Amino acid sequence: MKPILMIHEMNEAMFDLPLENYILTFDDGLVTPLKYIDELIKLDTLKIFFISTNIVCPEEIEQDMSFTVCKEAHINAACGDYSNYLKWSQIKMLNTFHNFEIGGHGHNHLKLWETKGLRERFTLINQDCKKMFSEFKRHNIKIDSYCFPYNYRDELCSGIVKKNGVTEIYDGSRKAIEDLI
């Protein structure tokens, strides 16, 4: 199996790397990879886009295709600006390409380490996963992969997503693309 690369922000310089030697994972559903869709399609390797289903750009909003740091995009979304993220129509389109896959990244991109107790964490994760799976189902997308938000591995979450049919789980064990540049 190929090593796995974690990509948040995408830029042209990344195509100087031997990307076809890796499984490429794109966290958070940022829109910028669409700028490079032709180059990505040409790469003969698996590409997984991890989507937080509550952080999707409305269809009627014009998107910001400029390079945006992931943290900044999250701050913008918290203020109601989702223009740095993919739209459902784009997510569905990506899911039709050869070697492209859509994966789950939670509904609200939770910071699970902030939960106090086991019961609170279970309730929060269960509700978040239920919403995530419901949104994917509503948009006719079946997911087989899940990536922990912030790469914070949580065994309760693993159990819940596996119970819902997820077979591949990703976390911080992936190599960050910045380590190759």
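If you work out Rg/Rh (Cα atoms, Kirkwood Rh) from the coordinates, which of [x] 1.01; [y] 0.94; [z] 1.23 do you get?
Working out Rg/Rh (Cα atoms, Kirkwood Rh) from the coordinates points to [y].
How much of the DSSP beta bridge set in the chain is antiparallel, as a percent to the nearest 5?
Around 5 percent antiparallel, to the nearest 5.
Starting from segment 62-156, pick out the trypsin sites (Lys or Arg not before Pro) whose DSSP state is loop and whose Cβ has at most 11 other Cβ atoms within 10 Å.
For trypsin sites (Lys or Arg not before Pro) across segment 62-156 that sit outside H, G, I, E and B with at most 11 neighbouring Cβ atoms in 10 Å, the list reads LYS111, LYS116, LYS142.
What lysines sit close enough to LYS2 to cross-link, taking a C-alpha to C-alpha distance under 20 Å and skipping anything fewer than 8 places away on the same chain?
Reachable lysines: LYS42, LYS47, LYS175.
Rounded to whole Å, give me the distance from the Cα center of segment 71-137 to that of segment 1-42.
Rounded to whole Å, the Cα centres lie 19 Å apart.
Starting from the 7 Å offset along Cα-to-Cβ, what nm value, one decimal, do you get for the label separation of PHE122 and LYS142?
3.0
Take the chain, mark every one of the GluC sites (Glu not before Pro) that falls in a DSSP loop and has at most 16 other Cβ within 10 Å, then report the longest stretch left between them, sites excluded.
Longest stretch, sites excluded: 63-181.
With helices defined as uninterrupted DSSP H runs, which ones in the chain have an alpha carbon span along their own long axis of at least 18 Å and mean Kyte-Doolittle hydropathy of at least -1.0?
Span-like helices in the chain: 118-138.
Laboratory data are not the source of any read-out in this text; all were calculated from the coordinates shown. Since we're looking at a predicted model, the values are computed, not measured. Because the Cβ atoms are built from the backbone with ideal geometry, glycine has one as well, and the counts that use them run over all protein chains shown.
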